Amino acid sequence: MIAYVGTFSSPLRDVLPTQVDLPPGNGRGIHLFQVDRESGKLTPAGIHEMGTSPSCVVANSDGTRLYSANETDRSGAGKEGSLSAFSIDRINGHLKPINTVRSGGAGPTYISVHPSGRFLLVANYFGGSVAVLPIRKDGGLGDPTDVKQDAGPIGPTRATHAPPGSFAVSGHDRTHAHMIQADASGRFVIHADLGLDRLHVWKFDDHRGGLSPNNPHEVALPAGDGPRHFAFHPNRKWFYSIQEEGSTVVLFDYDAEKGRLAPRQTVSTLPPGAVGTNFCSEILVSANGRFVYAGNRLRDSIAVFAVGPDGRLTFVGEEWTRGDYPRSFAFDPDGRFLYCCNQRGDNVSIFRIDRPTGKLEFTGHQAAVGNPSSLVFVELAAG
């Protein structure tokens, strides 16, 4: 098995000087690691050099193609970011470029493959837009079949649910599309805009690769809380959204037939009594549906929640990430380990998951990676 780690590999400050608090770009592109499935340890297996910050990487379902969102690339008059497609050598995991295309907006920060396998969905953070791109038969990407620009009143710089003493301000200067993903059926696509404090629900046309507003189209989160990422529960009935500046997780009931979200619970990602500035990052639901994991940056922890029989969350505890600024994390395919990308710590730390309790235990293993941003696993052919 190979782990591909996307990184920030160019100075964002040079590309987007109006932004603040940006990473220095210590990565070298997409870093490859062999995975020891018993211990969780990562062993370096090569680097696909890229200077355009392939900060988000995703593989197709059969592990033959890898896609990257190149956040600091600038193309054309609109200074758009780009997306790259690669074929994966099924023996050694090496990457062979297929093509690179414009992303439909500036600063693509998140990509996902539509369940049909025929389209790539992208959220352009700095451009405040989302786009759909067709996946060709050779695995390459075509030009966008649809681009939607976010619009509306920007939320306040003070989050409704900010912990006491918080000065968390990140994306409330303009629209910022931060994540996009289809539901399991592929009929609906949801994206989060942090600056608008909104989740947007789209109907998806899988013939032309088009997005049209669902009814209702927008779901509001508390002012200033800043929805960043979200995760569906395996039962397809519950949906969890994490708020970057509010340090909260909101449970929604999800109507899969109508693509509708109804909020039901809000919990803090921080333990009782926590104060000061915190920026939330990733959220994942365990494959068995029993636990939810939420990332806290600056506090540098991963919060663990137990999922009740009605989907409601109960705080179990938190684990120090052994690094600085946990941007994202991922489960291995066996569900035994959690791999945390510590963006400013320049490392990936590996934790064993205690399945009965959901708690995390540090394995003692870390991998050195400059500004790791995302990680994806691909199981190779036996040989």
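Extension gain for Ala382-Asp62 works out to 113.8 nm (0.36 nm per residue, less the C-alpha to C-alpha distance). Mean-square fluctuations from a GNM of the chain, with a 10 angstrom spring cutoff on Cα atoms, peak among Glu361, Glu257, Glu244 at Glu257. Using a simple spin-label model with pseudo-atoms 7 Å out from Cα toward Cβ, Lys237 and Thr43 lie 4.5 nm apart. A simple charge model with +1 on the Cβ of Lys and Arg, -1 on the Cβ of Asp and Glu and nothing else charged puts the dipole of region 304-370 at about 20 debye relative to its Cα centre. Between the alpha-carbon centres of region 291-370 and region 45-67 there is a gap of 22 Å.
Treating only the Cβ atoms of Lys and Arg (+1) and Asp and Glu (-1) as charged, compute the dipole magnitude of the chain about its Cα centre; round to the nearest 20 debye. If you can, show how the numbers build up before the last one.
On the way: 37 positive and 39 negative charges, 66 e Å.
Charge dipole of the chain: 320 debye, to the nearest 20.
Between the residues His229, Gly152, Pro309, the greatest Cα displacement towards the positive end of the dipole of the chain, with unit charges on the Cβ of Lys, Arg, Asp and Glu, is found for Pro309. If you take the square roots of the eigenvalues of the alpha-carbon gyration tensor of the chain and sort them as a ≥ b ≥ c, do you get rounded (a/c under 1.5), prolate (a/b over b/c) or oblate? Rounded, since a/c falls under 1.5. Within the shell of other residues whose beta carbon sits under 12 angstrom from the beta carbon of Met50, the net charge comes to -2, with Lys and Arg scored +1 and Asp and Glu -1.
Within the shell of other residues whose beta carbon sits under 12 angstrom from the beta carbon of His161, the net charge comes to -3, with Lys and Arg scored +1 and Asp and Glu -1. Only DSSP H runs of four or more residues enter the estimate; each adds -39500 (n - 2.57), and after division by the residues of the chain the mean residue ellipticity at 222 nm equals 0 deg cm²/dmol.
Quick check: residue separation of Asp143 and Ser212 times 0.36 nm, minus the Cα distance between them. What number comes out in nm?
Length gained between Asp143 and Ser212: 23.0 nm.
Given Lys137/Lys203; Lys96/Lys137; Lys148/Lys237, which pairs have Cα atoms separated by over 18 Å?
On the way: Lys137/Lys203 24 Å; Lys96/Lys137 16 Å; Lys148/Lys237 27 Å.
Beyond 18 Å: Lys137/Lys203; Lys148/Lys237.
Taking each residue as 0.36 nm, the span from Asp89 to Glu257 lengthens on full extension beyond its C-alpha to C-alpha distance by 56.6 nm. Pick out, from Ser241, Val267, Tyr254, the residue whose Cα sits farthest towards the positive end of the charge dipole of region 229-271, with +1 on the Cβ of Lys and Arg and -1 on the Cβ of Asp and Glu. Going by the Cα projections, it comes out as Tyr254. Which residue fluctuates most in the GNM of the chain (Cα springs below 10 Å): Gly317, Gly105, Gly25? Greatest mean-square fluctuation among the candidates belongs to Gly317.
Read the figures in this text as sums done on the coordinates, not as results from a lab. Predicted model, so just to flag it, every value in this text is computed and none were measured. Heads up, the Cβs are rebuilt from the backbone with ideal geometry, glycines too, and the neighbour counts pull from every protein chain shown.
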